[in-house]
Ligand SMILES: [Zn+2]
Ligand SMILES: [Zn+2]
């Protein structure tokens, strides 16, 4: 049976049965380029948040940058010199470019910028600041006091033995700055301090506020309790049996006396032929990279239209155009108030749109044509956009679309989508038949007599050539000096592409022809119609 209610609305209905006040949370560790798989998390959260707001719920949406997590290893994109920083919180590791406040900010900045472009505006929290501000202090105290109960839950749920010296808290060594090499030796709940020894040989005391962090499996449920998280999407790696959601669920209930959030488990995004996008596979295409090619509303649509539990196959080459077409059809239907548009389709469209982002009215594929006709020259592009009947008022949004198209042509476009307008009549014109040449001459005359012609009209005109008695058919007849020629429009389109591009196929003819000034077409078609190879010598 077809879906009738969008998944975000199903979730909203579900959680509103429990309470009217909601906090939708997402959290990502900015330890490297934040990839397109992570984008699914924030877009999913945003959809649930908006579905809640649409029902009048009292809802907030937060994003927590887990920047107090340690640097796990020297990633392939880092210089060897980062070896000394492994184990330190990423908010205390220097940034790779030397221009950001720290390592985590280096990766956070482009991610937050990408969110802005996607029209997603959560309240942003940074874990290091939350710890330092003492937001976790009570939760840390409770965890240290109830260390044995937590260890028991972890063993029961995950089936793994918890080591004797395990502690829910990882102190940050005052000497070497690492949080992965310390062991808790004691704590003082009144002074709110923790004692530790470190593998570096140092031992000391740190404050609970900012002197270290809870280990992930405890940090997560503590956060639910501290902030009051009620809805949270997360990747399926956290959702496995005995995984961190399972242990977190019991810890938050039994240790912190709070209900776990409603889980939205999402599947990975599979990119082209490269494989699943997850932090563990190492295949990374950052969101910023993707936004260079795909318009933000199309990226949103890609995620919104698919249920979170289904994986998304995404190929930015030719298949991207199919998704873009689908989305643009939806956009058109919505704009025209098309009665065939069902509630479900309408909802997908609504959730894919966002305020404050560009919604260019020019179809992506048409811009692919315009861009190549104008050879990428922005001024010319604007002229063609205008000539094609679109508004040029919002130059910034047109520029964004142009940038997307330019990058797509450079990185992903299949050869058949590319063309270049030849400066002069191409030699391939020599292969045209007498009929094709007569058509080009007749077509030039017709364009000259008509003046301004729209894309749709160009298309109809070419087709009219096969109707005996049509103006174009009559003009061709005159040139060939025959009564009523038999014409196949396919040959005419070939003649058009050959005379302009030197190849027998090209983009949709209406869009293509209306991208040129009439004078250019008239001259080119006339020259081609009288072309003979000798004349070039
Ligand atoms: Zn930087
Ligand atoms: Zn140390």
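Numerical summary
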| read-out | value |
| --- | --- |
| 304, 5 arranged by Cβ crowding within 10 Å, fewest neighbours leading | 5, 304 |
| Cα long-axis angle, helix 434-450 against the chain (0 to 90 degrees, to the nearest 10) | 80 degrees |
| Chain lengthening between residue 334 and residue 318 when straightened (0.36 nm per residue, less Cα-Cα) | 3.2 nm |
| Neighbour-count order for 31, 464, fewest beta carbons within 10 angstrom listed first | 464, 31 |
| Extension reserve of the residue 403-residue 133 stretch, reckoned as 0.36 nm per residue once the Cα distance is removed | 93.0 nm |
| Residues residue 53 and residue 468, FRET efficiency given R0 of 51 Å [Cβ-Cβ distance, rounded to 0.05] | 0.25 |
| Fewest-first ranking of 463, 63, 349, using other Cβ atoms within 10 Å as the exposure measure | 463, 349, 63 |
| Two-site label geometry, residue 307 and residue 449: point separation in nm, points 7 Å out along Cα→Cβ | 6.0 nm |
| Angle between the chain longest axis and helix 147-158 axis [Cα atoms, degrees, rounded to 10] | 40 degrees |
| Contour excess over end-to-end distance, with Cα ends at residue 17 and residue 4 and 0.36 nm allotted per residue | 2.7 nm |
| Förster-model FRET efficiency, 35 Å R0, residue 185 and residue 254, C-beta, rounded to 0.05 | 0.85 |
| Tensor-based shape of the stretch 1-46 (alpha-carbon gyration tensor, a/c under 1.5 rounded, otherwise prolate or oblate) | oblate |
| Cα-based shape type of the stretch 83-139, given that a ≥ b ≥ c are square roots of the gyration tensor eigenvalues and the cut on a/c is 1.5 | oblate |
| Average Cα contact separation per residue, the chain, under 8 Å, 6 or more apart, as relative contact order % | 12 percent |
| Share, in percent, of DSSP beta bridges within the chain that are antiparallel, nearest 5 | 50 percent |
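Values quoted throughout were computed directly from the atomic coordinates according to the rules given, and no laboratory measurement underlies them. Nothing here was measured: the structure is a model prediction, and the numbers come from that model. So basically every Cβ, Gly included, is an ideal-geometry build from the backbone, and we count neighbours across all protein chains shown.
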